[in-house]
1. Report yes if some residue within segment 181-193 is aliphatic (A, V, I, L, M), within 23 Å of Glu219 (Cα to Cα) and modelled with pLDDT of 75 or more; otherwise report no.
2. Please determine, by comparing only the residues of segment 119-141 that are under 12 Å from the mean Cα position of the chain (by Cα) and not aromatic (Phe, Trp, Tyr), which one is farthest from Ala52 (Cα to Cα).
3. Can you tell me which of Lys26, Lys78, Lys54 is basic (Lys, Arg), under 24 Å from Lys128 (Cα atoms) and either at pLDDT below 85 or exposed (fewer than 12 other Cβ atoms within 10 Å of the Cβ) (or both)?
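The values are calculated or read from the model by the stated rules, or taken from the named source; none is laboratory data. If you're wondering where the values come from, they're calculated on a predicted model, not measured in any experiment. Glycine also receives a Cβ, built like all others from the backbone with ideal geometry; neighbour counts cover every protein chain displayed.
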Amino acid sequence: MLINAYTRIKDLLDFNQEEVINTLIKLNKNFSKLKNPLLRNLFARRITIADACKIANCPISAFMSSMQQIGFVVDPQKINEQKISTEPFKKYAHIIELDVRPVLAKNQDPLKTILDHINKLEAGQRLKLINTFEPIPLIHLLAEKGFCSHTEFTANEIVYTYFEKDSTTDQKIVETHPAILLNNEDKFDETLTKFTPNHIKYIDVRALEMPKPMLLIIEHIKTLALGEALFVYHKRKPIYLLPELEKSGFKYLFKETLPGDVNMLIYKL
């Protein structure tokens, strides 16, 4: 298999998952996260070799050399290419810190607070989001609105994600995704009846800490076929997840049964 800096980690794992993971962990202990099935499925399909090396602080040349040892063929013309530019983050900026760990510890959603800070960013300012995981759906959402981002992983499991507004954009980010404002119980129940019982999968994520609910949902929708639905028992509407669902062609509906008790239906028809 021919690989280069643009090759996605998922492609390597699809070729030989066990050997690739063991080899990468020997190369750099930061790759040990690939052993976690949920994290592996969430991140591996999105990031390239160049991205992974940047996150793990590992030279691309060393990564490629380790892959050559287990049978991969490296394209020498692309070995040093980087897909993601971090140029904006080489410049000085006034850092505004926001630690959302206390909010998450209370099982609350920090999105409104994050977007409030994002909307207040001025030229020359950069938001430093302090978290326990990389908020990939949020990164994608803000990227579509003209924001650059950069993530740093620390040895003590604290993740810093920086956001900076592109100089060409002046739009505000809405507090919530428009679709989540809808609680159409009639449509929820009507849509649910379109699926036979054996085509509905049920999961309960209410007892899980963030980001495990999102990771578990993503894990299940990977096998969701046309004409099937995923019924999720949740504590809240997972705002971070919605852009990801839409990009993948999924539809979703909500039904709030009690405060802190939300039913979510994810499906393809």
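1. Applying the first criterion (aliphatic (A, V, I, L, M)) to segment 181-193 yields 181-182, 192.
Restricting the remaining residues to those that are within 23 Å of Glu219 (Cα to Cα) gives 192.
Filter again for modelled with pLDDT of 75 or more, leaving 192.
Yes: one or more hits.
2. Leu141
3. On the way: Lys26 fails: under 24 Å from Lys128 (Cα atoms); Lys78 fails: under 24 Å from Lys128 (Cα atoms).
Lys54 is the lone residue from the list that is basic (Lys, Arg), under 24 Å from Lys128 (Cα atoms) and either at pLDDT below 85 or exposed (fewer than 12 other Cβ atoms within 10 Å of the Cβ) (or both).
Each row is one residue, and each column tells you yes or no for (1) assigned to a helix (DSSP H, G or I); (2) at pLDDT below 80; (3) closer than 30 Å to Ala207 by Cβ.
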{"site": "Ala62", "(1), (2), (3)": "yes, no, no"}
{"site": "Met67", "(1), (2), (3)": "yes, no, no"}
{"site": "Ile70", "(1), (2), (3)": "no, no, no"}
{"site": "Ile114", "(1), (2), (3)": "yes, no, yes"}
{"site": "Asn119", "(1), (2), (3)": "yes, no, no"}
{"site": "Lys128", "(1), (2), (3)": "no, no, no"}
{"site": "Leu141", "(1), (2), (3)": "yes, yes, yes"}
